[in-house]
1. Among the residues in segment 88-109, are any surrounded by fewer than 21 Cβ atoms within 10 Å (Cβ to Cβ) and part of a strand (DSSP E or B)?
2. Restricting to segment 35-67, name every residue that is open to solvent by less than 10 Å² (accessible area, probe 1.4 Å) and assigned to a helix (DSSP H, G or I).
3. Among the numbered criteria (1) at pLDDT 95 or above; (2) surrounded by 14 or more Cβ atoms within 10 Å (Cβ to Cβ); (3) assigned to a helix (DSSP H, G or I), which one does Glu118 miss?
4. Here is a check on your reading of the model: is Ser40 among the hydroxyl-bearing types (Ser, Thr, Tyr), closer than 24 Å to Asp215 by Cβ and at pLDDT 90 or above?
5. So which residues in segment 70-83 are closer than 16 Å to Arg35 by Cβ, buried (at least 20 other Cβ atoms within 10 Å of the Cβ) and in contact with a helix residue (DSSP H, G or I) (Cβ under 9 Å, 6 or more places away or on another chain)?
6. Out of the residues in segment 165-205 meeting the condition of being open to solvent by 50 Å² or more (accessible area, probe 1.4 Å) and of a type in the set (Asp, Glu), tell me which one is modelled with the lowest pLDDT.
7. Tell me, which residue of segment 145-164 that is assigned to a loop (DSSP other than H, G, I, E, B) and touching a Leu at 6+ places or on another chain (Cβ under 8 Å) is modelled with the highest pLDDT?
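The values are calculated or read from the model by the stated rules, or taken from the named source; none is laboratory data. These numbers come from a predicted model, not from an experiment. Methodologically, a virtual Cβ is constructed for each residue, glycine included, from the backbone with ideal geometry; neighbour enumeration extends over all protein chains shown. Calculation scope for accessible area: heavy atoms of the full protein, side chains included, ligands and nucleic acids excluded. Shrake-Rupley method; radii C 1.70, N 1.55, O 1.52, S 1.80 Å.
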Amino acid sequence: MAKKAASSKKPSLKTILRRLNPNLPAGQRGNAMPRVARDSNALRQIRTHLSADPLAKLLLSGHIGVGKSTELVQLAGEMQSERWVVQCSVAETLGVHNVNTFSLLVVLLEASIRSWIEKLGEMPPGLVEELVGDMDEVLSGLGLVRTSEEKAPKDGQELLDVYGHILQRIALRSKPMGQMFSLDPTPIASSCELVLKELESTAGKPVLILIDDLDKVRHDEARDDVFLNRAMAWLRLPCGIVSTLPLDAVFSSVGRELDHLWGDVQVLDPLPVPAAEGDSLDDPALQPYLSMLRSIGAQGVFSALQCRKLANVSSGLPRAFVSACATCVRYALDSEGKHVRDHHIDLVLRDMMDRWRGRLEDSDYQALIDVVDSEGANVPKALQLLRDGILVRDGTAAPTEQFRLATWVEPFVEAYRRRLRGNQKALF
């Protein structure tokens, strides 16, 4: 009986707050929020392509916070039985501001060696010896030449330690980005190809690399280097690859080039957005958000109406919803309450609007209006707003309604429209 009572105990606000972590992909591990199942044509297309072609190279795009990392974690679990899955997080190992083709290949090689050692044990001495030759060229390119006193790695773990050190140096480097673009990726690409071929042979199944966080790359120069100019350095790797891609790149001037090189980019759509007001608990658009709260035992902390309001302001982006819920719980903890109050919801909404009010300019409002009023044209003029989730793209909507405003920015845009009308009247 004691065990039964303990298992039915409601989680504390502190426990709920720990699980409302917007930076931890749902379903990943321990304290992560469980994944909420979603229907997505983009994900179905990726699974179908991977099942047909072990060497498929695919890109997954979508708003930051829409759930791409969560779906990559889910895909990794689904593919474990038929593929040797290697997962990479650029943000965790390198930092998205340090991305270029050379550094990305270092990430892929380090992750592949780590996967081998952790799951298969020590690497063959002959393979290590071959890799050391390329390693010296990589070190030389970075200005990290091995001294005569330093011994060459004699096993896989020592080789892994060297590449871990290289990643750390790149992440903390002081070299200008332009110098990193000039580095020759040939030696590191050669090592990647060698390790992946041997890994497939030893594991007895095709390798699949899942690369997360490349969608967060902000510099056009880095984006073009990785996905276009030197993309063949990793397109030719003997494995399947699924990588994230910045959503603004899909609609930018390089979008056509991406299509020619990579084929169709799959875009993960936002969740449905419920109305801000409503009494029905059966509203289909509300269900994913209620499921998130139930999955961590927070259904008693938030009312259904509070959940609806936060879901509405999140504009269909799960991370925005989780982040808003976490802020509400912090307000509740600060006031020593046991659940979220309506005024906590109001504080969160006000904080969000006040923060963005000071960031947006009239040119931003005009760019938003130009896209919405043209039924989805003029998107290249609003790429930064698209990246930030202020302009939301939803492929499940009607063709003329696929671009909409984030719900919280609508009052700002309406105020701008009123000012325009007032200025026009003043002229006459």
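1. yes
2. Ala42, Ile46, Leu50
3. Result: Glu118 passes all but (2).
4. No: the conditions fail for Ser40.
5. The answer is Thr70, Glu71, Leu75, Met79.
6. Asp184
7. Quick first cut of segment 145-164, residues assigned to a loop (DSSP other than H, G, I, E, B) only: 145-155.
Subsequent filtering for residues that are touching a Leu at 6+ places or on another chain (Cβ under 8 Å) retains 145-146, 153.
Values: Val145: 72, Arg146: 68, Pro153: 90.
Out of the qualifying residues, it is Pro153.
Residue-by-condition table, conditions (1) within 24 Å of Ala76 (Cβ to Cβ); (2) touching a Lys or Arg at 6+ places or on another chain (Cβ under 7 Å):
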{"residue": "Leu210", "(1), (2)": "yes, no"}
{"residue": "Asp215", "(1), (2)": "yes, yes"}
{"residue": "His219", "(1), (2)": "no, no"}
{"residue": "Asp225", "(1), (2)": "no, no"}
{"residue": "Thr244", "(1), (2)": "yes, yes"}
{"residue": "Val273", "(1), (2)": "no, no"}
